[in-house]
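The values are calculated or read from the model by the stated rules, or taken from the named source; none is laboratory data. Quick caveat: nothing in here was measured; it's all calculated off a predicted structure. We place every Cβ from the backbone using ideal geometry, glycine too, and count neighbours over all the protein chains shown.
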Amino acid sequence: MVIERPSLRALRYSTLTSSAAASVAARSKASVNRIAFILPQIYCAAQRTNSPALMKSTADVAIIGLGIAGATLAIELRNRGVQVCAFDDPAHGTVSRGAAGLISPVAGLRFGVLDEWQQWWDHASAFYRSMQAIEPIPCYRLLYGEDERRYWQRKRQQLTEENLAEEGTLPAHTVQCLTPPAEVVAIRTAARVHAARVLDTVAQLLDTEGRLCRRWVAEEEVTPIWAGWRVGGIECAHVVFCQGPALAASVRFGWLPRMFARGQRIAGTLAHSIAPEPLWLSIRGKSLMLEGRLFSFGSTFDWETTEPIVTEQSTDHLRRQLEQYLRVPFRIEQAWAGVRPIMADLKPAIGEHPQQRQCWLFNGLGSRGLLLAPRLASILADAIVSDAVTIPPQFDLRRFAC
């Protein structure tokens, strides 16, 4: 049964303060762009304070989960003049916060290149620059196996022509510290994103405006009302589920072919400095991040576990692998884990629920979430704001609907 409700634009008038609503109602034919100029004025006082404001009781869009999907969507919606509130429980954690933050259009043992990589790269770079959370980083693929060398030879011409990769040489100060690889490939398009900075910035912004509720929202707390949805006591036109691996317990989206891969990383210190500047080494599907005497390495892929738990087995596995490639003594001081949300066809799932209008999903970003999230958030924000916008079918969650 399809639930019909008023549009986002219609509800926006009911969410304004009484004085602002009267002003807007007097210009009932004003466009969404006009409203975009009005909304910031309403909460400008909250934006000037560093302390949290009282939680508002209404919003245009409620976002459940403030990982990288929810955070990027919140900014994209705000940029379109939409009132956003978010629910996020820090105790549940997010895979984005523990990620190494390394992004590149080239990934995997087979040197897979993301389709339309330039658009994804440009969108992500611009978004994270606006958050002051991205920096270029030297990246090298170390080829140890014959299989990797074959994959490189097959992709070499394409990657070189697109200025994505080329034959490379390791920095002199690292050569003696690593097991010599058969070949070295320099990845020319690579960067490090400070994901925690992005998440903290967005959370602080919403908290200051009284638009962030730091608690978990159970699915039964999301109920339909005449104007849209009631989410944890907040009335809104639209609700977007951005809960990552929590999708495993969802009844509302239980028909989606969900898979989950737990990943674990280790970090610690080296006996002496290898790389004075940040350096990213990609080794058989894992990333070794070096910076001074600090390192991090991972991550694993565990398709059997849906809980973000650290295991001794994974820690030992990573230690043994790192000992094969690193000739400098190291000490593991930290290990952390997260669960990657993945769809069966390995593509993101975004869009509106096929039976429940104005109920949306933003999930399935997988291991490339930091690179994919900004552009997908822009696409989804456009679809929420305008009925005229359609989501590309390869990303639309309705591709799985019967």
Identity of the residue in region 236-262, among the aromatic types (F, W, Y) and under 18 Å from the mean Cα position of the chain (by Cα), that ends up surrounded by the fewest Cβ atoms within 10 Å (Cβ to Cβ): F260
For residues that are under 15 Å from W336 (Cβ atoms) and of a type in the set (D, E, K, R), scanning just region 287-318, find the one that is surrounded by the fewest Cβ atoms within 10 Å (Cβ to Cβ). E312
Say whether the condition of being hydrophobic (A, V, I, L, M, F, W, C) and in a strand (DSSP E or B) is met by at least one residue in region 250-257. no
Restricting to region 214-232, name every residue that is part of a strand (DSSP E or B) and either exposed (fewer than 15 other Cβ atoms within 10 Å of the Cβ) or touching a Pro at 6+ places or on another chain (Cβ under 6 Å) (or both). T223, I225
With respect to L206, determine if the residue is over 30 Å from P276 (Cβ atoms), aliphatic (A, V, I, L, M) and in contact with a strand residue (DSSP E or B) (Cβ under 6 Å, 6 or more places away or on another chain). yes
Filter region 172-183 down to the residues that are part of a loop (DSSP other than H, G, I, E, B) and either surrounded by fewer than 14 Cβ atoms within 10 Å (Cβ to Cβ) or not assigned by TED's automatic domain parsing to the domain that holds S282 (or both), then identify the one that is modelled with the lowest pLDDT. Q176
Inside region 117-150, the number of residues satisfying the requirement of being assigned to a loop (DSSP other than H, G, I, E, B) and in contact with a helix residue (DSSP H, G or I) (Cβ under 9 Å, 6 or more places away or on another chain) is 4
Which residue pairs have Cβ atoms under 6 Å apart, sit 6 or more places apart or on different chains, and have a first residue in region 140-157 that is assigned by TED's automatic domain parsing to the domain that holds I187 and a second that is part of a helix (DSSP H, G or I) and acidic (D, E)? none
Considering region 319-356, residues that are touching a helix residue (DSSP H, G or I) at 6+ places or on another chain (Cβ under 6 Å) and either of a type in the set (V, I, T) or closer than 16 Å to L270 by Cβ (or both), and then whichever is surrounded by the most Cβ atoms within 10 Å (Cβ to Cβ), we arrive at I350
